[in-house]
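Asker: Here you go, one structure.
The values are calculated or read from the model by the stated rules, or taken from the named source; none is laboratory data. All values derive from a computational prediction rather than experimental measurement. With ideal geometry, Cβ positions are generated from the backbone for all residues, glycine too; neighbour counts draw on all protein chains shown. Protein only, heavy atoms only, side chains kept; ligands, DNA and RNA dropped before computing areas. Shrake-Rupley method; radii C 1.70, N 1.55, O 1.52, S 1.80 Å.
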Amino acid sequence: MSEPTVRPSAVRDAPARSLAALVARRLLMGLLVLGAVSLIVFTATELAPGDAASAAVGPDAGPAAVEEKRRELGLDRPAPVRYAEWLWAAVRGDFGTSYVSGVPVSEIVTARAGNSMTLALVTLVLLVPLAVGLGVWGGLREGSLTDRALSAGILTMVSIPEFVVGSVLILVFALHLDVLPAVSFLGPGASVLDHPEILVLPVVTLLAGTIAHNARLVRARVVEVAADDAVATARLNGVPEHRVVLRYVLPAALPPVIPLLARYVALLVGGALVVETLFGFPGLASVLVQGSAGRDVPTVQAVALIVAAVTVLVNLLGDLLGIALDPLRRVPV
Amino acid sequence: MREFEGRPSRRSLLRITAGLGAGVALGGALTACGGDGEPGPSTDGAGSATPGPKRGGRLRAAFIGGSNETDNVLMAANTPIDYVRARVVYDELCVVGPEGRVQMQLAESIEPSADGKEWTIRVRDGVTFHDGRALTAADVLFSLRTYAEDQANQGPLLVDADLAAGRQVDKLTCTIPMRRAHGFFDLVLTQGFFVIPDGTTDFTKTPGSGPFVLKEHRVGQGAVLERNPNYWSDKGPYLDELELVSIADGEARLNALKAGQVEYAASISLVAGQTERGNSAVQLLTPPKWEWPNFGAMLKRNQDPFTDARVVQALKHAVDREQMVERVTLGFGEVGNDLFGKHLPHYAEDLPQREYDPDRAKALLRKAGVDKLSLSLRTSDYEYGLTEGAVVLAEQVKRTGIDIAVDKVPAADFFADPKVFIGAHFQSANRKPRPLPLDVLFFYGSDALLPFTGVGGDPVDGLVDAVRSALTEEQRAAAVGDMQHYLYDKGGDLVWAKAPVLAAATPQVRGVQSLGYPTFPSFRDAYLA
């Protein structure tokens, strides 16, 4: 009988394997979440008064027209049958056609999802360094005049609604100075990347609201970490300040903040309604609003699933990043 | 709160039938507001025909569109931008011209037989579709039959036409028998029936015969249209290119105009209109008065307490219409007189303006034996003016001792259930004008498609029949007049004001015509001065 041996490679692989298991588990959970979201969206639309048929024919059509439309759309069949059919098609990648316009949902949603994600990505790329920079800067000078001024500025920014910020930006940069477009519309066939200038004001408007929140989060963490003994010891040992920040403060302050930042991404993808309305930006949020008002289940389902999928993936990514940056959590549990 | 106009799709008879009527004086052109903000004709506005249209150029116009847009010509009323596009790509047999009478477009003549039991349509010679096919009477029959089959759209309007029995007489002529004598089938044909080629199966890629050819369309973004070099009329089109862009929010459309991104911005709020009144860089456009929507409320006459005519009369006298014009239409509108069709032919001008008279209202209620009248008014933010009017009404009637609770339902739910919407006891209305004979058939009598006020039976059904079967202009004027007199006294419509749908344009834009649809005007004769 030999004693059980532990192979060295197994020790090395353990964190990777537990990480893989975590990812697999989270992806599986994600799929369940998507299923639940689709069921909730479907049920909610069923419970709302009226349906796509009455919304489509409008206020001046008689009951006969609504009945005709209902038959045409297949809404006269039982709800479970309709949901099952939708689910079976969706699993195979077919999201159906809009009840309202008869256009394939993929056609309606694809370009707008791309626009929304571009908007979210550009905002995020600017948001992270700005929020972290401001948070660290203020946090390291806790209680100083700079910190208080910064905190006051941030509080002011948080309290100004997006549509006010956006309206002022339009007034100044589009109508008065005439250097940027007032409305971010795209001609047929054009994409956001062909006209990066249309992103400027929407991104700045989104940043105005989100930087403040995130900088506050980072600042609070930095204040906590800066009071830590390790940081004090490093400083007393004469470690240069930039190294203190990079080596001690940031690694400790960032990991808990990252998942919170990740949440904003999903919000930016599907929840930028004010910005989309204000700037006429062709994104997903307005599709969701129009679709819900028209009881257009296939369209609403597609948008809800895209936003839910982005939320699941980004949160997973945020957690993984948090783990990667947190030495303690890199050890398998 | 900002208004978000990406509302439920209104692929509805509302859009299709919304207010075709008379284009007074300027043939339905949108007229520019004067410098003093008074809407009215102007010599240099969009309605001006002098010094003559200039050819060439590209016009960009912003409309409400969004993810509900469709290329399907039969569903053109899905969003305003779809309808505006269809109006220049396709032709109709006829449209409503000056004085609310029929103006021919593709048709050369549309005439009834002596007894009104058959109508003969003759189309122009030499018209070709964008794919080169020549227009014939077969295309007319095919188009009307296609629309008639679709009960969810304009089908119900063609109920009296026996299209299956319609036949082509020669290349350009066809006849359509009626199921009962019909005196204004030509007026029915002005209600958005586009003519498409016989045998069309894919209604999303249907060629039209209109002044512009669709070059490109992207749902939710917009469309580019080029002038049709083979257009049958020697008058238009004047623009080389027309670009329609989709911007959901009214404020954003106006900003795009002011920033030079577009030359025309549709559906501007009255508040924005007030702000831009003095701005020389912005031309405010108002449609002719007959096209202005009617603000008011509808009472079910066959439900208590409205079965008592004195209660209804009391409410009509409890409304201060002047104040409604001031507070709800922000001074842009004019007072209503509890009737639809003001400024249209056959409108009962002889009826006196109903006055605000709280004492008389109180006396009428006393006579009816009503001590305390408490009502609930169903309303919504679906369109501007509904909730605003309801709130002001509730305030006004307090002076008469009437208590109105404003029951505001979400915009998307307002007409979601036809039974609730049509069956409502007392609810806000913003009704789009349409030629009076059509209006009568739609809303009154036992066969009404939308019996909002529950007015039917004797003598209403007889009055409605008289309107339908009137063959001569004199007969029609008399029949509509009788109906209006009846409704003024016994109807359940409260109409307190009319107010314009505003649009804005750069000072160079000319020749945009609303032709009955102020929210989606025709650009076929538009040009840049």
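Asker: Please tell me the relative contact order of segment A:207-333 in percent, rounded to the nearest whole number, where contacts are Cα pairs under 8 Å and at least six residues apart. Present the calculation step by step, with values, prior to reporting the outcome.
Answerer: Details: 91 pairs, mean separation 33.8, N = 127.
Relative contact order of segment A:207-333: 27 percent.
Asker: Tell me, what % of the accessible area of the protein assembly as shown is carbon and sulfur with a 1.4 angstrom probe?
Answerer: Result for the protein assembly as shown: 59 percent of the exposed heavy-atom area is carbon or sulfur.
Asker: Under a 1.4 Å probe, what is the accessible area of segment A:215-286 per residue, stated in Å²?
Answerer: Averaged over the residues of segment A:215-286, the accessible area is 44 Å².
Asker: If the chain between B:SER280 and B:LYS408 were fully stretched, how many nm would it gain, using 0.36 nm times the residue separation less the Cα-Cα distance?
Answerer: Separation in residues times 0.36 nm, less the Cα-Cα distance, equals 42.2 nm.
Asker: If you don't mind, there's one more thing I want to ask. Can you give me the relative contact order of segment B:61-212 as a percent, contacts being Cα pairs under 8 Å and 6 or more apart?
Answerer: 30 percent
Asker: For A:66-73, what's the mean count of beta carbons from other chains sitting within 10 Å of each residue's beta carbon? Provide the component values of the computation, followed by the final result.
Answerer: Values: counts 7, 3, 7, 5, 1, 2, 3, 1.
Mean number of neighbouring Cβ atoms from other chains: 4.
Asker: Same structure, new question: Note the buried accessible area between B and A here, summed over both chains, with a 1.4 Å probe, in Å² to the nearest 100.
Answerer: 4200 Å²
Asker: While we're on this one: Taking the Cα centre of segment B:322-378 as origin, sum charge times position over the Cβ atoms of Lys and Arg (+1) and Asp and Glu (-1), and report the length of that vector in debye to the nearest 20.
Answerer: It works out to roughly 420 debye.
Asker: Could you work out the relative contact order of chain B? I mean the mean sequence separation of Cα pairs under 8 Å and 6+ apart, divided by the number of residues, in percent.
Answerer: 23 percent
Asker: With a 1.4 Å probe and all protein chains kept in place, how much accessible area does B:ASP359 have, in Å² rounded to the nearest 10?
Answerer: Here the accessible area works out near 110 Å².
Asker: Let me ask something additional. Could you report segment B:247-402's accessible area per residue, 1.4 Å probe, as an integer in Å²? Please report the intermediate quantities before stating the final value.
Answerer: Details: 5580 Å² over 156 residues.
Per-residue accessible area for segment B:247-402 comes out at 36 Å².
Asker: Can you list residues from other chains, or at least 5 along the same chain, whose modelled amide H is less than 5 Å from the amide H of B:GLU69?
Answerer: B:GLY220
Asker: Could you tell me whether segment B:349-412 comes out rounded, prolate or oblate from its Cα gyration tensor? Rule is a ≥ b ≥ c as square roots of the eigenvalues, rounded for a/c under 1.5, then prolate if a/b exceeds b/c, otherwise oblate.
Answerer: oblate
Asker: Still on this structure, I have one more. So what are the ³J(HN,Hα) numbers for segment A:144-151, from phi and the Karplus equation (6.51, -1.76, 1.60; θ = phi - 60°), rounded to whole Hz, Gly and Pro as x?
Answerer: Once θ is set to phi - 60°, the couplings for segment A:144-151 become 6, 4, 4, 4, 5, 4, 5, 4 Hz.
Asker: Amide H to amide H under 5 Å from B:ALA497: which residues, 5+ apart in sequence or cross-chain, H placed 1.01 Å off N in plane?
Answerer: For B:ALA497, the qualifying residues are B:PHE295, B:GLY336.
Asker: While we're looking at this one, here's another question. Which values, in whole Å and largest first, are the semi-axes of the equivalent ellipsoid of chain B obtained as the square root of 5 times each eigenvalue of the Cα gyration tensor?
Answerer: Working: eigenvalues 276, 169, 77 Å².
Its equivalent ellipsoid spans semi-axes of 37, 29, 20 Å.
Asker: Something else about it: How much solvent-accessible surface does A:LEU31 expose, in Å² to the nearest 10, with a 1.4 Å probe and all protein chains in place?
Answerer: 110 Å²
Asker: Of the cross-linked pairs B:LYS372/B:LYS408; B:LYS54/B:LYS432; A:LYS69/B:LYS205; B:LYS117/B:LYS316; B:LYS117/B:LYS171, which ones have a Cα-Cα span greater than 29 Å in the structure shown?
Answerer: Listed pairs above 29 Å: B:LYS54/B:LYS432; B:LYS117/B:LYS316.
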